[in-house]
Amino acid sequence: MRLYGNRVTEEEIAKEVSRLLLGDPNTRQVPLSVSETARALGYSRNTVYIYVKKAVEKYHLLGYDNNGRIVLPENTKLEFQRFDKKHEIMHDHLVAEWKQDLLTRKGGEPLASWKPRIRALESVCNSCKVTPRELLISQRQTEKILKNYAQIYIEGNVDIDPRGAKRSHDIKNVIYKKAQAVRDFCGFYGMMWKRGTGGVMSQKVPNHGKYADIRLTDAELEQADRFIKEKWGLDSDIYRWFWVGIESCSRFEALYTMSLDYTKHIGKTGKTTYIMTAYESKTKHIRGGKWIKYITRADTQKSIDLLKARNGTRIYEVRIYKLTFRKQMSQSLVEIYRQIGKKNYFEDRPTHTLRHVGAHYWLARKNYNYGLVALIGGWHTIDELRKSYGEMPPEKVLEMIEGDSGIISLPLLH
């Protein structure tokens, strides 16, 4: 017989059957039913019963009660029911305990991505029609569930998050995020995957550096600027969102909470810069997540002042539900991108695209001074800026190569 793909003895199988049926307090694995144990091991129910009998009579791993029945814990199996507002996944006792850990993991503070991780786990459960408990049966079972999820996603039958998330074309990133959540959940209950694990459970960052060339040329930026002014006007939320997003290189949450307050700085040449502050929750372990932002475009400054004169407090004026706002802003950004012939990544991640565009915007204006731009845009390391956001375009390389000085000053590659 084989157990999890390996040849084993009869006693080893009896021990594993007993462990699954009784539960494992060391790993906080809940007791399984005979059917769940059969699925976990890839055996038939009849085979499991054979090894239950051996575990009792031959290896004394299980016992009989006074009526001659095998003593097993009361099974708490729950039939699958789709998680939604009326049946919240956080009410599942296993998820509730995991959630408590997520909310206190950083020295008593929550993990920044705790909500997306719970939603990712919910998506896997709803799409594959399994309960959180079924993810804890065995590594083999969990990996099979993730493979099923990947297939369901490819076929377009994935259970869509009702809170506004849309289906992404980037299957690698989708599975990476789901595996990250599932591994975290399972890890909390003692089921670990070793470092470097491949396949659906891999935690090798997908597409690292793949989108470092996402940018808009000066001509495309001018075209976008004209389109926004003609359709929405300079004094519009989308105008401020687009240009503040580019100049600040901020993520969605930072833009959404960004205050209109600024300090005006006039340089020696008379150039005016608005110095603003953005809070990036993803990097709150660095200077409390506060980053100084520099708004230098005169039209962006004018748009900010027009809203400020109406007692605005954020960089947008509309007051609607956050997810609705995000959806509307994303739709407007996608319309802008399509107007200038951009799609795919631009359409998939409309606001985050502004961070990429902003990286190239500043790098081009500061002669690829990665250190300075990392400070301006809020990247903790120069290497992350260069690899993931700011790949030097070929025309810039040629410009440096063909420079009159004959000296090529390219950033060091590590």
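The values are calculated or read from the model by the stated rules, or taken from the named source; none is laboratory data. Since we're looking at a predicted model, the values are computed, not measured. Glycine also receives a Cβ, built like all others from the backbone with ideal geometry; neighbour counts cover every protein chain displayed.
Tabulated values for the structure
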{"read-out": "Residue within region 226-246 that is closer than 17 Å to Trp362 by Cα, in the same structural domain as Tyr316 (by TED's automatic domain parsing) and β-branched (Val, Ile, Thr) present", "value": "yes"}
{"read-out": "Verdict on Lys327 being over 25 Å from the mean Cα position of the chain (by Cα), surrounded by fewer than 18 Cβ atoms within 10 Å (Cβ to Cβ) and either closer than 30 Å to Asp170 by Cα or touching a residue at least 40 places away in the same chain (Cβ under 8 Å) (or both)", "value": "no"}
{"read-out": "Residues of region 80-97 classified as in contact with a helix residue (DSSP H, G or I) (Cβ under 8 Å, 6 or more places away or on another chain) and farther than 15 Å from Glu134 by Cβ, total", "value": "3"}
{"read-out": "The listed residue being of a type outside the set (A, V, I, L, M, F, W, C), modelled with pLDDT of 90 or more and closer than 26 Å to Leu121 by Cα, out of Asp161, Asp170, Asp184", "value": "Asp184"}
{"read-out": "Condition check for Glu16: free of Cβ contacts under 8 Å to residues at least 60 places away in the same chain, in a loop (DSSP other than H, G, I, E, B) and either under 30 Å from Glu280 (Cα atoms) or not assigned by TED's automatic domain parsing to the domain that holds Val130 (or both)", "value": "no"}
{"read-out": "Options Lys53, Lys144; residue that is of a type outside the set (Phe, Trp, Tyr), in the same structural domain as Val34 (by TED's automatic domain parsing), out of contact with any strand residue (DSSP E or B) (no Cβ under 6 Å at 6 or more places or on another chain) and free of Cβ contacts under 8 Å to residues at least 12 places away in the same chain", "value": "Lys53"}
{"read-out": "Residue check, Lys85 under 30 Å from Val8 (Cα atoms) and either assigned to a loop (DSSP other than H, G, I, E, B) or more than 43 Å from the chain's Cα centre (by Cα) (or both)", "value": "no"}
